[in-house]
Amino acid sequence: MNTLATPFSAQSIRAKIVRPNALRYFHSGNSVRVNSPNTTATTARRAQQSRVHQRRSSPPPSPAAADKKDRVTSSSAFMASSAAEDADHPHQNDVVDDRIPRIASAIRVIPDFPKPGIMFQDITTLLLDPKAFKDTIDLFVERYRDKNINVVAGIEARGFIFGPPIALAIGAKFVPFRKPKKLPGEVISEEYSLEYGTDIMEMHVGAVQAGERALVVDDLIATGGTLCAAIRLLERVDVEVVECACVIELPELKGRDRLGDKPLFVLVN
Ligand SMILES: O=P(O)(O)OC[C@H]1O[C@H](OP(=O)(O)OP(=O)(O)O)[C@H](O)[C@@H]1O
Ligand SMILES: Nc1ncnc2[nH]cnc12
């Protein structure tokens, strides 16, 4: 059972490659490269990206089709995660979770949105698949229940989709972190940089209390600027940020490095 004293890395689960002969598609700023096989990196999302290119306008797979695919791929896909120290022991805590391939497959990738060079990870197709959506929430809940987390901070806009069900399930309050001028009460603000611009994040004064323990939830980490701003907002008012949790990581943008020692947990990278 998880306890407060147990470091997250002890239970973390890491992605691994399974199809050593498969070509992987790699997002690199302005282009998509095909990488040679590598047995230590990334997950099913790379394969999923190439599939998604082919079905950009297609609906997500039917539950029956996805179940069949799960059976085919469950031995070859691993759940991703990470606390910094996992890098030293990449395989020690590997855990196979056959929910991950379906989640990865349900995320659509739209090239050149919202501007040229961006491979947009579209989680709206994940929401169309109730099993994959529920599995996503369940994986987070399984990790964070019994961690004495009081606050789930969800980042506008897509953190508002994943954060509230997690908060309800673990018995924490949900605190929306919003774009400027959206919150009606007194706020504190943090400016931050993005993969495609800058923005400001705000939190209501009084929403959290010093000494509370927070989980920060978003759909995706790219450069890490957004999560860093959320962490700064919480730490300014002496809230302990226990971990950040995202559905997707774009590892090539090195957002994880920007978080420093702050643990980051992701399902798909
Ligand atoms: O790691 P970063 O480089 O900071 O980028 C990640 C952020 O970018 C996206 O949100 P976006 O700013 O596009 O806002 P939206 O969810 O309101 O569209 C995404 O949902 C994350 O919040
Ligand atoms: N590539 C991407 N897809 C979706 N959301 C993002 N936010 C920043 N980069 C993104």
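The values are calculated or read from the model by the stated rules, or taken from the named source; none is laboratory data. What you see is a predicted model, and the numbers here were worked out from it, not measured in a lab. Cβ atoms come from the backbone with ideal geometry, glycine included; neighbour counts cover every protein chain shown. Just the protein is used for accessible areas: all its heavy atoms, side chains included, with ligands, DNA and RNA removed. Shrake-Rupley method; radii C 1.70, N 1.55, O 1.52, S 1.80 Å.
Of the three principal axes defined by the Cα atoms of region 215-269, the extents in descending order read 31, 17, 16 Å. Ile170 contributes an accessible area of around 30 Å² to the protein surface, as traced by a 1.4 Å probe with all chains present.
Along the Cα-to-Cβ line of Ala210, 7 Å from the Cα, sits a label point; which residues in region 237-269 have backbone N less than 12 Å from it? Output list for this probe position: 237-239.
Around the amide H of Asp122, modelled in the peptide plane, lie the amide H atoms of Arg108, Val109, Ile110, all under 5 Å away and 5 or more residues distant in sequence or on another chain.
Note that region 258-265 has calculated 3J(HN,Hα) couplings of 5, 6, x, 7, 5, x, 10, 10 Hz, one per residue in order, obtained from phi through the Karplus relation 6.51 cos²θ - 1.76 cosθ + 1.60 (θ = phi - 60°); glycine and proline are x.
Amide H contacts of Ala153: Val175, Leu215, Val216, Val217, each under 5 Å away and 5 or more positions distant or on a separate chain (H built 1.01 Å from N in the peptide plane; Pro and chain starts excluded). Applying a DSSP loop filter and a limit of 10 other Cβ atoms within 10 Å to the trypsin sites (Lys or Arg not before Pro) in region 193-240 leaves nothing. Normalised by the number of residues in region 126-189, the average gap of Cα pairs under 8 Å and 6 or more apart makes the relative contact order 30 percent. The loop-placed trypsin sites (Lys or Arg not before Pro) in region 154-204, going by DSSP, that have at most 11 neighbouring Cβ atoms within 10 Å of their Cβ come out as Lys181, Lys182. With a Förster radius of 30 Å applied to the C-beta separation of Ile200 and Lys131, the computed FRET efficiency comes to 0.25.
Close amide H partners of Val187, meaning residues 5 or more places away or on another chain with modelled amide H under 5 Å apart, are Val205. Using the Cβ-Cβ distance between Glu186 and Asp238 with R0 set to 25 Å, the FRET efficiency from 1/(1 + (r/R0)^6) comes to roughly 0.90.
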